[in-house]
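Working notes, structure below.
The values are calculated or read from the model by the stated rules, or taken from the named source; none is laboratory data. Keep in mind the model is a prediction, meaning the values are calculated, not measured. All Cβ positions, even for glycine, are placed from backbone atoms using ideal geometry, and neighbour counts span all protein chains on display.
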Amino acid sequence: MAFQMPDGWELVVGLEVHVELNTATKMFSASPVDFAGEPNTRVFPLDAGLPGTLPVINGRAVEAAARLGLAINCGVAERCVMHRKNYFYPDLPKGYQISQYDVPLCHDGWLDLDVEDYDDIVRVRIERLHMEEDTGKSTHVGGAGRLHGADASMIDYNRAGIPLLEIVSRPDIHDPAVAMAYVREVQAIVKALGVSDAKLEEGSMRCDANVSVNRVGATEFGTRREIKNVNSIRSVGRAIAYEAFAQIDEIEAGATIVQETRHWDEAKGVTSTLRRKETVADYRYFPDPDLVAIVSVPEWVDGLRASLPELPRVTRDRITAMGVASPQAVSMVGGDEMLGWFDAGVAAGADPRTLANWITGDVVGQLGQAGLTETESGLTGAHLAELVGMVDGGALSTKMAKDVLVGVIESRGAKSPSEVAQERGLEQMSDTGALQAIVDDVIARNPAVVEKIRGGADKAIGALVGQVMGATRGQANPGMVNDLLRAAIDG
Amino acid sequence: MSQLTARSAHDLLAAMAAGDVTAVEVTQAHLDRIAAVDGDGSGDRDVHAFLQVTGEAALAKAADVDARRAGGESVGALAGVPIAVKDVVVTEGIPTTCGSKILQGWVPPYDATLVARLKAADAIIVGKTNMDEFAMGSSNENSAYGNVRNPWDLGRVPGGSSGGSAAAVAAGMAPLAIGTDTGGSIRQPAALCGIVGGKPTYGAVSRYGLIAFASSLDQAGPFARTVADAALLQRVIAGHDPLDSTSIPEPSRDLLAGIESGVAGMRLGVVRELQGEGYEPGVEASFNAALDRFRDLGAEIIEVSLPHAPYGLPAYYLVAPSECSSNLAKFDGVRFGLRVDAATTEEMMAATRAAGFGAEVKRRIMIGTHALSSGYYDAYYAQASRVRTLIADDFRAAFGQVDALVSPTSPSVAFPHDSKTADPIAMYLNDVATVPASLAGTPAISIPCGLAVAPDGTDPLPVGLQIMAPLHRDEVMYRVARAFEASLGFDPTPAGAHALAMA
Amino acid sequence: MALSEDEVRHVGMLARIALTDAEVADLAPQLSKILQYAEQVGEVADAGNVEPTVHPYPLQNVFRDDVPGQPLDREALLSQGPDVDDHRFVVPQIVAEEG
């Protein structure tokens, strides 16, 4: 059901998204970042804030930041520096965070979003993307593990110093659905670039929402409140919607909205005060004297831009042009392996629409039931192309194919669909004469694919194997089929 | 064999290479000297230069050097030479306090880069020296562990903040020492103690492992009794370090190669703003005599101006405290060092820092915090940083006219303990001549240029001559210094009624 | 410009240094005097035309390759801690979130 502000009210939202990079080392130290479970085992002297230590910028992190900035249409600063943001907190080992202040690495970008129920593209402008470092992790003891009411806290510095990119949008968002689409798009872009896992649930991507409301016709925005602890796309939408109505209720009851940070509780579906700030924090920013300027020459920027991979918007358009429905395209582009399966499967000869149906339908369903991630499944595009071919060719009914899929997943991709079909009690057909006839027939009916294979696209033979298997109701010896096809193609 | 503790590092190296004496003998002689005169500050004749003496490790290293040399292996450039290291430098396994209570008992798990280089050169680290707390001071009266006494007059200060290192070398406890210089903390104690002290070009020596006071100003450098020794030590510790982003990538020219070239035909600039009012008459007289000596050696003396030099000290007292207020935030009682328990973390941090920091450190942290704070940043830190550019421009312009600049190092000779502690500004003024080169990053060295009687005293005390060279032309200052030293023949042995006994 | 005692207390809070009333009373005139001395930089009129200097020696683009090194031995790290439990550094109740 689409969100709607009550009559006479407007919603204004700005989003701050943090992306934790997947570089091999931290932002300023050569500590490995491999998410070892044991606390305080991934700490260099700098990460513990030991006296005498110095930061050195991770060049790969800068590159990742610039690439992401370019991918979200930002300009890259000709010259920028790192600043110190000074404050005291136990998980901040140096007593300051190295970040960027007045001149971020990237500035003035935008994202164009397809949002359900919106006829036109919604553009959300991006103010900046800058580089900074993550803090350590505090575990609070007592007080139900929350900060408030805790007796003590325990600090692990493994996370301290991991590179973080902060993307700040302009307050162009007026609908929770747009906010969700924005976060999804950032996530998809980050994954396409391969610079982060970008998982909100795990913290490799974080989202804070700044929300304010104002009456229609007001000359200024209302006072905003910041919402933290938004740990899923769904929470983004729910939290913003809740906060919008909460603020309206408070204003209509005569209260004034005060700038504060609020905590979103997903289980209860409410925001509550985290802390009230009477005074704005004074971070005493100044350029970090331990680090020197970052100067971006046009050749470097152009080179990065030229090397950007296909971005999600383009990918989605490419897929829908093949006849695939838009929501399926969105889903596959947003996945971890699905896009790769789709592209490989199509290259292997599978019909795009059928393939997309299988991927976004049965495959997703079965992975969910088995509790596996896309990567853990071991599935490949070739597997799926073969499966689709076997169904298309009539060898397997859709129901049988679903069983075969289960088997492939159970083997974590070690077994192909035809191997599983064979195992599950379908007899092999080894009569070379009869097989040859079928092989010849399949070859005659697929001149385009044969050409592709002759042109070097070896994997495309999968679809032909599938058709032969189909004609034999999955009972032909796959190895023999392969040999016969090869012989026929190679002449 | 003449007294080992009076010999230069070059002499000792030659003697050991020739087999006249072993590294163990040299080390033992210096450890004996330390034991005889250093004390712990409680005696009124204690120099108290050292906070930590690492006798066992030193003798073990010396024995190793002797064994390797005997076995025909090559040994490092400082093999067997004792060296004292200012306690602001991180040394693995050796307690490092920075002269502060807040780091009492802290044992670092890593070595500073310069320490690694000293070890690779087979130098014998005999201990960590006393200093003004967190390198803030000009008299070594701000140490949490007690004052250092000037070997030339035990009732007077050795200068600071590297007072311990300077006193150690002047008193014959080591021929070499490492100090750090942020606004003059090597040069000024060298001047007051009658020895050589150099501040390399900013970035020439790695800051990795230097506990930071003011990051854009701190430099580690050499103390020695001869110019050649100082140059040798700087050569060993200097060089690009990938662990320090501000480290200069290009190597400097060889510091020793042309050191005997003399000054005939060179143009030396006398800085108009760094003399006159505020400088003791004895210092001025000594300085003028030095200029005459340079003329006799064939140099041309030209008066030059660094018009913004008078703003150096005010700018320094905004830049340095600002950077230190941030650098010292890591001392919060959480991961190392002192902790004063309290009910909340906020209270714990505030109580820890109140108990752990001395008065001068607190003052500078507060000045710096204020200077960076909202509403004040532009008028204070940013403005001071702009003045810094003007000072650097002044130096560049001056070096367009002359090859090197000269001035007195300090406006005064050594002063009595407690005579300047009441007024912070009076203490800060000790650095009026050294601070401009710090702000510009240019290399500068202090060498003894004579003796003068203090206005309040009767015994002659050392006067320092400061020589400044263009950025990354450290070899120029060593060459000019060597020419002067060879001509003057200053005896660095402390002498006078109140001096330390040297025999 | 002189610092009032309230301003001194505020700076003490920002700097996390606990100050007694006596210390605040002492520090206000001391810090004021130092600031007044340092404020001379404001007299430099031609400073408006120049860029600030942070580094005396001009360097840019100093980066490190993304190659992991050996982390600190955990015991070496934790053994320095004033209060350590379950391999973590322990601190008392945290009141403010940050700032």
Within the range B:454-482, count every residue that is within 14 Å of chain C (Cβ to nearest Cβ) and among the basic types (Lys, Arg). 1
Among residues of the range B:90-126 being in contact with a helix residue (DSSP H, G or I) (Cβ under 9 Å, 6 or more places away or on another chain), surrounded by fewer than 24 Cβ atoms within 10 Å (Cβ to Cβ) and at positive phi, the residue farthest from the other protein chains (Cβ to nearest Cβ) is B:122
Read through the list (1) facing another protein chain (nearest Cβ under 7 Å); (2) assigned to a loop (DSSP other than H, G, I, E, B), then give the number of the only condition that residue C:58 fails. (1)
Number of the condition not met by residue A:406 [criteria: (1) part of a helix (DSSP H, G or I); (2) within 24 Å of residue A:325 (Cα to Cα)]: (2)
Anything in the range B:217-240 that is surrounded by fewer than 24 Cβ atoms within 10 Å (Cβ to Cβ) and within 14 Å of chain A (Cβ to nearest Cβ)? List them, or say none. B:240
Got a number for residues in the range B:469-503 being in a helix (DSSP H, G or I) and either basic (Lys, Arg) or crowded, with 18+ Cβ neighbours inside 10 Å (or both)? 12
Failed item in (1) within 14 Å of chain A (Cβ to nearest Cβ); (2) under 21 Å from residue A:49 (Cα atoms); (3) without any contact (Cβ under 8 Å) to a residue 12 or more places away in the chain; (4) not in a loop (DSSP other than H, G, I, E, B), with residue B:362 passing the rest: (1)
Residues that are over 10 Å from residue A:43 (Cα atoms), part of a loop (DSSP other than H, G, I, E, B) and within 9 Å of chain B (Cβ to nearest Cβ), drawn from the range C:61-78: C:62
Filter pass, residue A:92 being buried (at least 22 other Cβ atoms within 10 Å of the Cβ), touching a residue at least 12 places away in the same chain (Cβ under 8 Å) and in contact with a helix residue (DSSP H, G or I) (Cβ under 8 Å, 6 or more places away or on another chain): no
Any chance the range C:3-14 includes a residue that's part of a loop (DSSP other than H, G, I, E, B), without any contact (Cβ under 8 Å) to a residue 60 or more places away in the chain, within 10 Å of chain B (Cβ to nearest Cβ) and surrounded by fewer than 16 Cβ atoms within 10 Å (Cβ to Cβ)? no
Tally, over the range A:1-11, of residues that are surrounded by 19 or more Cβ atoms within 10 Å (Cβ to Cβ) and not aromatic (Phe, Trp, Tyr): 1
Of the residues in the range A:215-233, those that are loosely packed, with under 14 Cβ neighbours inside 10 Å and without any contact (Cβ under 8 Å) to a residue 40 or more places away in the chain come to A:217, A:219, A:220
May I ask you to say which residue of A:84, A:128 is touching a strand residue (DSSP E or B) at 6+ places or on another chain (Cβ under 7 Å), assigned to a strand (DSSP E or B), at pLDDT 95 or above and more than 9 Å from every other protein chain (Cβ to nearest Cβ)? A:128
Kindly indicate the residue of the range A:62-79 that is within 17 Å of residue A:164 (Cα to Cα) and of a type in the set (D, E, K, R) and also surrounded by the fewest Cβ atoms within 10 Å (Cβ to Cβ) among those meeting that condition. A:63
Residue ranges of helices (runs of 4 or more DSSP H) in the range A:275-358 with at least 3 members over 28 Å from residue A:413 (Cα atoms) and not β-branched (Val, Ile, Thr): A:298-306
Is it the case that residue B:368 is of a type in the set (Gly, Ala, Ser), in a helix (DSSP H, G or I) and surrounded by 24 or more Cβ atoms within 10 Å (Cβ to Cβ)? yes
Give B:318, B:297, B:328 a once-over and let me know the one that is more than 9 Å from chain A (Cβ to nearest Cβ), buried (at least 17 other Cβ atoms within 10 Å of the Cβ), modelled with pLDDT of 95 or more and farther than 28 Å from residue B:450 by Cβ. B:318
Answer yes or no: is there a residue in the range B:276-292 that is part of a loop (DSSP other than H, G, I, E, B), at pLDDT 95 or above and surrounded by 24 or more Cβ atoms within 10 Å (Cβ to Cβ). no
Among (1) at negative phi; (2) in contact (Cβ under 8 Å) with a residue 12 or more places away in the chain, the one test that residue B:333 misses: (1)
Only one of these is farther than 23 Å from residue A:132 by Cβ, of a type in the set (S, T, N, Q) and either within 13 Å of another protein chain (Cβ to nearest Cβ) or touching an Asp or Glu at 6+ places or on another chain (Cβ under 8 Å) (or both): A:261, A:273. Name it. A:273
Note: among A:466, A:389, just one is assigned to a helix (DSSP H, G or I), among the small types (Gly, Ala, Ser), outside the structural domain of residue A:357 (by TED's automatic domain parsing) and touching a residue at least 40 places away in the same chain (Cβ under 8 Å), namely A:466
Failed item, numbered, when residue A:57 is tested on (1) in contact with an Asp or Glu (Cβ under 6 Å, 6 or more places away or on another chain); (2) within 12 Å of chain B (Cβ to nearest Cβ): (1)
Of the residues in the range B:8-45, those that are surrounded by fewer than 21 Cβ atoms within 10 Å (Cβ to Cβ), of a type in the set (D, E, K, R) and at pLDDT 95 or above come to B:11, B:20, B:25, B:32
Just one of the numbered conditions (1) at pLDDT below 95; (2) assigned to a loop (DSSP other than H, G, I, E, B); (3) small (Gly, Ala, Ser) is not true of residue C:47; which one? (2)
Please list, ordered by first then second residue, the pairs with beta carbon atoms under 6 Å, 6 or more apart or interchain, first in the range B:338-355 and free of Cβ contacts under 8 Å to residues at least 40 places away in the same chain and within 8 Å of chain C (Cβ to nearest Cβ), second buried (at least 23 other Cβ atoms within 10 Å of the Cβ) and among the polar types (S, T, N, Q). B:339/B:352
Only one residue in B:334, B:340 is more than 20 Å from residue B:210 (Cα to Cα), modelled with pLDDT of 95 or more and surrounded by fewer than 20 Cβ atoms within 10 Å (Cβ to Cβ), so which one is that? B:340
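So that you can scan it fast, the table gives a plain yes or no per residue for (1) in contact with a Leu (Cβ under 7 Å, 6 or more places away or on another chain); (2) under 30 Å from residue B:406 (Cβ atoms); (3) aromatic (Phe, Trp, Tyr):
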| site | (1), (2), (3) |
| --- | --- |
| B:320 | yes, yes, no |
| B:331 | no, no, yes |
| B:343 | no, no, no |
| B:352 | yes, no, no |
| B:357 | no, no, yes |
| B:366 | yes, no, no |
Answer yes if at least one residue in the range A:230-237 is among the aliphatic types (A, V, I, L, M), part of a helix (DSSP H, G or I), within 28 Å of residue A:198 (Cα to Cα) and touching a Leu at 6+ places or on another chain (Cβ under 9 Å), and no otherwise. yes
